[in-house]
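The values are calculated or read from the model by the stated rules, or taken from the named source; none is laboratory data. Since the structure is predicted, the reported quantities are computational estimates derived from the model, not experimental observations. Cβ placement follows ideal geometry from the backbone for every residue including glycine, while neighbour counts extend to all protein chains displayed.
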Amino acid sequence: MDYQPKARICIGCWQWMKLPIPLRGVAAIPFRLFGIRPSRMNPNTCTICELMFKRIMKKRQLEIDATILFADLRGYTSLTQARPEAVTELLDDFYDECSTAIWSHDGLLNKAMGDSVMAIFNFPIVRADHPRHAVAAARGIQERWQRKRWGSGQSDAGIGIGIACGQLSFGEFGRAGQDWTAIGSVVNTAARAQAVALGGEILLTEAVFERVPEETAGSQSRDYQLKGFETATKLYALPSI
Ligand SMILES: [Zn+2]
């Protein structure tokens, strides 16, 4: 893991409650005794933030404008059969590169399941230009992966990425509802866009494309018949790096 957390106090608690919760250094030691520590979803936020999500979720009225990113490792299944010993290392690298790129752009690594990850931008760390942060994180993931695995010939497994933005709310997942996640059509669309993205490709919805005009210049649009959608969805493929 080469990500170096930058925040000395929790950015989420500061932005939402103006509470300066120390995350690192001597000031953080008494907080650790009470179980307050950097969140595993983003080390610049804290475990109080995670409780905050639960409270917000219970109220059920919170809808926020946010960006969702899904990234998935292609060719993983065939590798599992061909070289099972390489899979653990490959997945570790995948999570490392994804989390580094996502945290560098203030996203939250909300879910990591098997060979895919889901990230939220604009919560709990508020960023008005969250679609731009998500696009930059996606490019970061592809660049890092290219350098680490693809370029070095260590793997022919590429990463497919889908990004969507808009209004969404929160719900629970996991056993006994101990975890929370974003829900709504924005999340579904991002997941489906990821499912049709090729290895090395980044697919955006029209909303993302329109909100980040400079960074997405030169993108090619195409109509896709996404699973579970009645009509075709226009997606934009970022020019490859
Ligand atoms: Zn916090």
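Structure above, values below:
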quantity: Check on ALA119, over 25 Å from ASP2 (Cα atoms), among the small types (Gly, Ala, Ser) and in contact (Cβ under 8 Å) with a residue 24 or more places away in the chain; calculated: no
quantity: The stretch 227-239: number of residues that are in a loop (DSSP other than H, G, I, E, B) and among the aliphatic types (A, V, I, L, M); calculated: 2
quantity: Residues being under 16 Å from the mean Cα position of the chain (by Cα) and over 22 Å from PHE123 (Cβ atoms) - total across the stretch 183-196; calculated: 1
quantity: Residue within the stretch 45-54 that is of a type in the set (A, V, I, L, M, F, W, C), more than 23 Å from HIS105 (Cβ to Cβ), near the ligand (Cβ under 10 Å from one of its atoms) and modelled with pLDDT under 95 present; calculated: yes
quantity: Residue that is surrounded by the fewest Cβ atoms within 10 Å (Cβ to Cβ) [pool: residues in the stretch 16-37 that are part of a helix (DSSP H, G or I) and either in contact with a Pro (Cβ under 7 Å, 6 or more places away or on another chain) or at pLDDT below 90 (or both)]; calculated: MET17
quantity: Residues satisfying the stated conditions in the stretch 203-226, i.e. outside any loop (DSSP other than H, G, I, E, B), within 19 Å of HIS130 (Cβ to Cβ) and not hydroxyl-bearing (Ser, Thr, Tyr); calculated: LEU203, LEU204, GLU206, ALA207, VAL208, PHE209, GLU210, ARG211
quantity: In the stretch 86-119, the residues that are in contact with a strand residue (DSSP E or B) (Cβ under 6 Å, 6 or more places away or on another chain), within 14 Å of MET41 (Cβ to Cβ), assigned to a helix (DSSP H, G or I) and not hydroxyl-bearing (Ser, Thr, Tyr); calculated: CYS98, ILE102
quantity: Members of the stretch 94-128 that are among the charged types (D, E, K, R) and either modelled with pLDDT of 90 or more or buried (at least 20 other Cβ atoms within 10 Å of the Cβ) (or both); calculated: ASP96, GLU97, ASP106, ASP115, ARG127
quantity: Number of the exception - GLU89 against (1) more than 16 Å from the ligand (Cβ to nearest atom); (2) modelled with pLDDT of 95 or more; (3) of a type in the set (D, E, K, R); calculated: (2)
quantity: All positions within the stretch 129-146 that are in contact with a helix residue (DSSP H, G or I) (Cβ under 8 Å, 6 or more places away or on another chain), surrounded by 24 or more Cβ atoms within 10 Å (Cβ to Cβ) and over 21 Å from ASP2 (Cα atoms); calculated: PRO131
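Every residue, every condition in (1) out of contact with any Lys or Arg (no Cβ under 6 Å at 6 or more places or on another chain); (2) surrounded by fewer than 22 Cβ atoms within 10 Å (Cβ to Cβ); (3) among the aliphatic types (A, V, I, L, M); (4) at pLDDT below 90, yes or no:
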position: GLN178; (1), (2), (3), (4): yes, yes, no, yes
position: ASN188; (1), (2), (3), (4): yes, yes, no, no
position: VAL196; (1), (2), (3), (4): yes, yes, yes, no
position: ALA207; (1), (2), (3), (4): yes, yes, yes, no
position: ALA232; (1), (2), (3), (4): yes, yes, yes, no
position: ILE241; (1), (2), (3), (4): yes, yes, yes, yes
